[in-house]
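Some notes on the structure that comes next.
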Amino acid sequence: MNGRLCKIFAGVGLLAISALASAQMSEEKEKPPMYSYVSFWSLPRAQWPEMEKPNPSNQKTLEKALAAGTLVGYGYDVNLVHQAEGSTHDSWWSSLSMAGALNVLEEFHKNGSAASPLLASATRHSDAVFVSRFYDWRPGTYKDAYTHGASYKLKPDAPNDAVATLSKGLFIPTLDKLLADGTIVEYEVDTEFVHTEAPGTFWVFYVTPTAEGLDKVSAAIRESLKMHPLSGPAFNSIVDFTPHRDYLARTTATFK
């Protein structure tokens, strides 16, 4: 297929995605932004068992903030696919206000959790603040679940509303069905609120309670692409796959 024809098909695909997004918008009210504060840690292997034990002080702070409505969710992740320069663990919490996310961080600084000897033994540490306008979850606590994440970078000429269009037209219809039948218990499409990566990067995360859920999500995505054959070329036309990366972790999470 020549380049001109590829662009025509991609353009038609974008129109189709936009139409699906418009239909999705008519069915759902826009959600308030959700802010997630994430701390990534790289711990020596000998410290992994300690890192994975619940911290009573942290748990009390998080549960109190959840009960008060300051947070809508929190959790801990253990990375399953390690990279030489990557993290081994992370902890996170989510709020419907930036103030809520930062107030919880302040509580950890006040009670000394942020400066514990265990965290001081980390060989690497970094933080991120994400914002999502496309998310949903099933309330409850989930232990030994799986979190899958995928990062993508928009091409320089991608439309300003590309993430919103892709979310409403492609991601949400499939993820909502999987949430409804219990295959997944949470999903979100994130961009950085505080940019530590190049602008234009976005992430799609979902949490599934079982390993089989990972296969079910993959099958649902393949089926969605089969039902909407123009969506694949349209996605490829606005996303640069060179920096694409995946993430897989074991997760303990609570959602309000």
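So what's the angle, to the nearest 10 degrees on a 0 to 90 scale, between helix 3-27 and the longest Cα principal axis of the chain?
60 degrees
Would you work out if segment 178-256 is rounded, prolate or oblate? Take a ≥ b ≥ c from the square roots of the eigenvalues of the alpha-carbon gyration tensor; rounded if a/c is under 1.5, else prolate when a/b is larger than b/c, oblate otherwise.
It is oblate, given that a/c is not under 1.5 and a/b is not larger than b/c.
Quick one: dipole size for the chain, taken about the Cα centre, charges +1 on Lys/Arg Cβ and -1 on Asp/Glu Cβ, in debye to the nearest 20.
Approximately 200 debye in magnitude.
Using +1 at the Cβ of each Lys and Arg and -1 at the Cβ of each Asp and Glu in segment 128-256, identify which of 132, 213, 146 lies farthest towards the dipole's positive end.
The residue sitting most towards the positive pole is 213.
Given that just one value was derived from the coordinates, which of (1) 0.98; (2) 0.95; (3) 1.12 is Rg/Rh (Cα atoms, Kirkwood Rh)?
The calculated read-out lines up with (1).
Would you calculate the separation in nanometres between label points at residue 53 and residue 82, each defined as 7 Å from the Cα along the Cα-to-beta-carbon direction?
2.0 nm
Distance between Cα centroids, segment 89-115 to segment 160-207: provide it in whole Å.
A separation of 23 Å, based on Cα centres.
Tell me, what is the percent relative contact order of the chain, built from C-alpha pairs under 8 Å that lie six or more residues apart? Walk me through the numbers on the way to the answer.
On the way: 454 pairs, mean separation 80.4, N = 256.
Dividing the mean separation by the residue count of the chain yields 31 percent.
For residue 241 and residue 102, calculate 0.36 nm times their separation in residues minus their Cα-Cα distance, and state this gained length in nm to one decimal.
Length gained between residue 241 and residue 102: 46.8 nm.
Which order, highest average first, do 31-38, 56-63 follow once you tally other Cβ atoms within 10 Å for each residue and take the mean per peptide? If you can, show how the numbers build up before the last one.
On the way: 31-38: 18.0, 56-63: 15.2.
Output ranking for 31-38, 56-63: 31-38, 56-63.
Just want to confirm a number: the relative contact order over segment 166-256, from Cα pairs under 8 angstrom separated by 6+ residues, in percent. Don't skip to the end; give the middle numbers.
Numbers: 53 pairs, mean separation 21.7, N = 91.
Dividing the mean separation by the residue count of segment 166-256 yields 24 percent.
To the nearest 10 degrees, how steep is helix 56-68 against the longest Cα principal axis of the chain, on a 0 to 90 scale?
The angle comes out near 50 degrees.
Each reported figure results from applying straightforward, stated rules to the coordinates on display, with no laboratory input. These numbers were taken from a predicted model, which means no experiment stands behind them. No Cβ is skipped: glycine too gets one built from the backbone with ideal geometry, and neighbour counts run over all protein chains shown.
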